[in-house]
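Report on one structure; see the data block that follows.
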Amino acid sequence: MQATIPVGLDRKEAEAYSQLDPGRLPKHIAIIMDGNGRWARRRHLPRVAGHRAGVTSVRSTVETAARVGIPSLTLYAFSEENWRKRPKSEVDFLMGLLCRYLKAEVPTLNKNRIRLEYIGRLHELPDSVQEKMAWAREATAGNTGMVLTLALNYSARTELVDAFQSLVDAAARNGGVEHLKIDEEAVCRHLYTRHLPDPDLVIRTSGEMRLSNFLLWQLAYAEIYVTPTLWPEFRGTHLLEGIAEYQKRERRYGGLA
Ligand code: IPE
Ligand code: IPE
Ligand code: MG
């Protein structure tokens, strides 16, 4: 069956989309946006120029994902480790960039019916950043299209630690921990991602073959797509290439082919 091309795709995206099976799109795509520093270094620019250029990639990827009807997109914007291990000047720049992105993008998010969410230890972010984040989330809360989740100050191990603590706290409030029963569903209900299905596809840019502490529980059966493209060069067409690769895979979940 010839797929109807969604409104708003450019010529290259439309061509890539026409190769896809619209009935088998991933329901949740997670992206490790990597390679900003290398992109800048190749151009003899400061690292932060790579982060700035990466915003265009975010915009293109988010819009294309929404247009083709991906229900959930999660972007790893910065990790807890980035927070601790990078110079303060770079972290401050990323905070400023996030605030400017939120302020500038809310109208486009609303136009594309995108609802914004966050995962990570958000309470550790500066108050002024948390205020902008809350504002953007509220401004998009009524949207019924794609859920865009930004992972900020995120660590998968911390998420699991927080989930276990939250399980114990909830049990203590409800009559004591003696009868606490932990199963997979109980853990899922206490993860930051409790409202999201597990990602079907995880994309990492810049060629690195690792998860870097991203969604370790949720990616248990995700298909992994690594592209050498550096994040500042990634566009909607690259996302569609990743989806095409995903559609070639055979998912087994431990069963037989
Ligand atoms: C990814 O780009 C963005 C963040 C982690 C915030 P990097 O800054 O990690 O870029 P490289 O890996 O040094 O090229
Ligand atoms: C992973 O990239 C984190 C984000 C993309 C936000 P890093 O650049 O921090 O990962 P490592 O250090 O190469 O593993
Ligand atoms: Mg990196």
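The values are calculated or read from the model by the stated rules, or taken from the named source; none is laboratory data. Quantities reported herein were computed from a predicted structural model and do not represent experimental measurements. Here the Cβ positions follow ideal geometry from the backbone for every residue, glycine too, while neighbour counts run over all protein chains shown. Remember, those area values only see protein heavy atoms, side chains included, never the ligands or the DNA or RNA. Shrake-Rupley method; radii C 1.70, N 1.55, O 1.52, S 1.80 Å.
In the stretch 120-159, how many residues are open to solvent by 60 Å² or more (accessible area, probe 1.4 Å) and in contact with a His (Cβ under 8 Å, 6 or more places away or on another chain)?
The total comes to 0.
Quickly run through the stretch 39-61 and pick out the residues that are open to solvent by 30 Å² or more (accessible area, probe 1.4 Å) and in a helix (DSSP H, G or I).
The answer is Trp39, Arg41, Arg42, Arg47, Val48, Arg52, Thr56, Arg59.
What residue, among those in the stretch 10-36 that are open to solvent by less than 10 Å² (accessible area, probe 1.4 Å) and farther than 17 Å from Thr237 by Cα, is farthest from ligand 3 (Cβ to nearest atom)?
Across the stretch 10-36, the extreme among qualifying residues is His28.
Scan the stretch 205-226 for residues that are of a type outside the set (Asp, Glu), open to solvent by less than 50 Å² (accessible area, probe 1.4 Å), in contact with a helix residue (DSSP H, G or I) (Cβ under 6 Å, 6 or more places away or on another chain) and away from ligand 2 (no atom under 12 Å from the Cβ) and report the count.
1
What pairs come up if the first residue lies in the stretch 35-55 and is more than 6 Å from ligand 1 (Cβ to nearest atom), the second is not in a helix (DSSP H, G or I), and their beta carbons are under 6 Å apart, counting only those six or more places apart or on different chains?
Listed pairs, sorted by first residue: Trp39/Leu230.
Taking the stretch 109-119 on its own, how many of its residues are open to solvent by 10 Å² or more (accessible area, probe 1.4 Å) and assigned to a helix (DSSP H, G or I)?
2
I'm trying to understand the selection: among the residues of the stretch 13-38, which are touching a Phe, Trp or Tyr at 6+ places or on another chain (Cβ under 8 Å) and not in a loop (DSSP other than H, G, I, E, B)?
Ala30, Ile31, Ile32, Asn36
Filter the stretch 62-102 down to residues that are in contact with a Lys or Arg (Cβ under 7 Å, 6 or more places away or on another chain) and open to solvent by less than 50 Å² (accessible area, probe 1.4 Å) and give me whichever is nearest to ligand 3 (Cβ to nearest atom).
So, considering only residues that are in contact with a Lys or Arg (Cβ under 7 Å, 6 or more places away or on another chain) and open to solvent by less than 50 Å² (accessible area, probe 1.4 Å), the one nearest to ligand 3 (Cβ to nearest atom) is Glu90.
Is there any pair linking a residue in the stretch 209-226 that is over 22 Å from Ala186 (Cβ atoms) and free of Cβ contacts under 8 Å to residues at least 60 places away in the same chain to one that is acidic (Asp, Glu) and open to solvent by 40 Å² or more (accessible area, probe 1.4 Å), with Cβ under 7 Å and at least six apart or on different chains, and which?
Close Cβ pairs (under 7 Å, with a partner that is acidic (Asp, Glu) and open to solvent by 40 Å² or more (accessible area, probe 1.4 Å)) amount to Tyr225/Glu245.
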